[in-house]
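Bear in mind that the values in this text are calculations on the coordinates, not laboratory data. This structure is a prediction, so every number in the text was calculated from the model and none was measured. So basically every Cβ, Gly included, is an ideal-geometry build from the backbone, and we count neighbours across all protein chains shown.
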């Protein structure tokens, strides 16, 4: 008991210190946007399958339930479906300090009111995002080679979440080392096992932020964070019927995130609505002295919440870069997706947009055949991962480099090379890279030329566009990936019930009956504000997410009513 009280008191003091440092946020924002739901008294408990950040805040402020109740409920929901029942394996571990943190934040709310919209709201973060070891969790990118390692401290985005009063609920599963280990099924990691999506038994969750997408889709947390190098937020958002924002590289800090390449890595939200995505981005965006890329962002960031405007598409010009997704080698864009996409374009027109079709990227076919992304990412991966290992205060496995990691996997096949999950070809190719030589710098410059100058920026300028819109599948993420530009993805549709389930790996299927797919809005650097507005207008018109739920066994039954007032 004494230890628990001490821990509780510690978190209360830490909360007070953060409060003194960062101040208290208002319910609205700098431009006066109001959130009426948060100011009303509520009497009903929200359904955690769909509960928004605003609904949770309303209930917390009204005293209908507490953050401790939320943590208990989410933990119970994870226990139902993560390793039991459908065994979705979306979560690697839960935070043993979450209940104490929630109690401290409940006490702070009572004494001082909420810090802002995320006060007392539980968040799952991808397991490549560092959390302080004293809290009781690992940071491993899904690998046993990093189990028990001691990171220097919280990642930059985690610091921002804590300052906003959010509770780190646990770590989400992922494709091991963000799918940069080898040719392995998306969603698999040694520590987490094979994650599967919740809309069809064994559905491919897409990677690498697989667990974050699956957890958000069925309410294992109200908010999740993922990371993207090329497709790793966009694709899980698409396959799991949720909203994802892949921010401009440098808008959110990568400090304390296990890396692939600083030129493409970025951290963003995976949530159930554009509104929630805007709330989360408003918290995690901003400069960080520990990530010099963030120091190049605009000195004043826009108010992303005020972008939530159902009229945002009126008078816009939205381009359709058909050459990108008609590239013959990317057959994922089948008739089902293309038909839904055609309907989406008509919807955008009814919302006031002029559709420019085609509006091709001049570099589209060169991007499809270029190998420069791999040259840059492999070189960066080796250098930056070695730096990560060296930054650790301790690592019980003894792994201190990429070469050590490859050897560790081979020496522990029962952990890291089970049947059907043996490949580490990407690591091997990265280890063979030759560093920052002329080939590397030429490839980096060519990536920027293809993605920016003769890519997205060229199309926007040539056709006088405000944004591009594409189905969220296949090759469509690559131009934005090599450019470092943003993507906002929203639900677009679902495969019909008579769709044959196509195997994609040892335990996964795509497509399959009822599996979702998404729509992506792309723009130039730091155009998140506009993209959020366009995505919000489309989302509010269609409400696609609400048209279908996960399969019955994958929907947790536990709700707040099951935990309130109980031990």
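For the subset of the range 405-427 comprising residues that are assigned to a helix (DSSP H, G or I) and touching a residue at least 40 places away in the same chain (Cβ under 8 Å), which member is farthest from residue 140 (Cα to Cα)? Let's see the steps before the verdict.
Going residue by residue through the range 405-427, those that are assigned to a helix (DSSP H, G or I) are 405-411, 413-416, 425-427.
If we keep only those that are touching a residue at least 40 places away in the same chain (Cβ under 8 Å) as well, we get 405, 408-409, 415-416, 425-427.
Numbers: 405: 12, 408: 14, 409: 14, 415: 14, 416: 13, 425: 19, 426: 18, 427: 16 Å.
Restricting to residues being assigned to a helix (DSSP H, G or I) and touching a residue at least 40 places away in the same chain (Cβ under 8 Å), the top hit is 425.
I need the helices (runs of 4 or more DSSP H) fully contained in the range 42-160, keeping only those with at least 2 residues that are under 22 Å from the mean Cα position of the chain (by Cα). Write out each step before concluding.
Values: elements: 53-62, 67-81, 98-112.
The qualifying helices (runs of 4 or more DSSP H) are 53-62, 67-81.
Tally time: how many residues in the range 531-562 are in contact with a helix residue (DSSP H, G or I) (Cβ under 7 Å, 6 or more places away or on another chain), buried (at least 18 other Cβ atoms within 10 Å of the Cβ) and in a helix (DSSP H, G or I)?
9
Does the range 344-367 hold any residues that are assigned to a helix (DSSP H, G or I) and touching a residue at least 60 places away in the same chain (Cβ under 8 Å), and which are they? Lay out the reasoning, then the answer.
Within the range 344-367, the subset assigned to a helix (DSSP H, G or I) is 344-350, 364-367.
Result: 344, 345, 347, 348, 350, 364, 366, 367.
Identify all residues within the range 409-427 that are under 11 Å from residue 145 (Cβ atoms) and surrounded by fewer than 18 Cβ atoms within 10 Å (Cβ to Cβ); write none if there are none.
If the condition is that a residue be under 11 Å from residue 145 (Cβ atoms) and surrounded by fewer than 18 Cβ atoms within 10 Å (Cβ to Cβ), then 411, 412, 415 are the ones that fit.
Can you tell me which residues in the range 125-152 are in contact with a helix residue (DSSP H, G or I) (Cβ under 8 Å, 6 or more places away or on another chain) and at positive phi?
141, 142
Quick grid of which residues meet (1) more than 13 Å from residue 469 (Cα to Cα); (2) surrounded by 15 or more Cβ atoms within 10 Å (Cβ to Cβ):
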{"position": "346", "(1), (2)": "no, no"}
{"position": "349", "(1), (2)": "no, no"}
{"position": "353", "(1), (2)": "no, yes"}
{"position": "361", "(1), (2)": "no, yes"}
{"position": "369", "(1), (2)": "yes, no"}
{"position": "380", "(1), (2)": "yes, yes"}
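When residues of the range 410-451 are filtered for being closer than 26 Å to residue 264 by Cα and over 26 Å from the mean Cα position of the chain (by Cα), how many remain?
Total satisfying the criteria: 18.
Counting only residues that are more than 15 Å from residue 475 (Cβ to Cβ) and free of Cβ contacts under 8 Å to residues at least 60 places away in the same chain, how many does the range 226-240 have?
Here the count works out to 1.
Of the residues that sit in the range 481-519 and are under 21 Å from the mean Cα position of the chain (by Cα) and farther than 24 Å from residue 539 by Cβ, which one is surrounded by the most Cβ atoms within 10 Å (Cβ to Cβ)?
Residues of the range 481-519 that are under 21 Å from the mean Cα position of the chain (by Cα), as a first pass: 481-494, 508, 510, 515-519.
Okay, now just the ones that are also farther than 24 Å from residue 539 by Cβ, so 482-484, 508.
Working: 482: 29, 483: 26, 484: 22, 508: 24.
Selected residue: 482.
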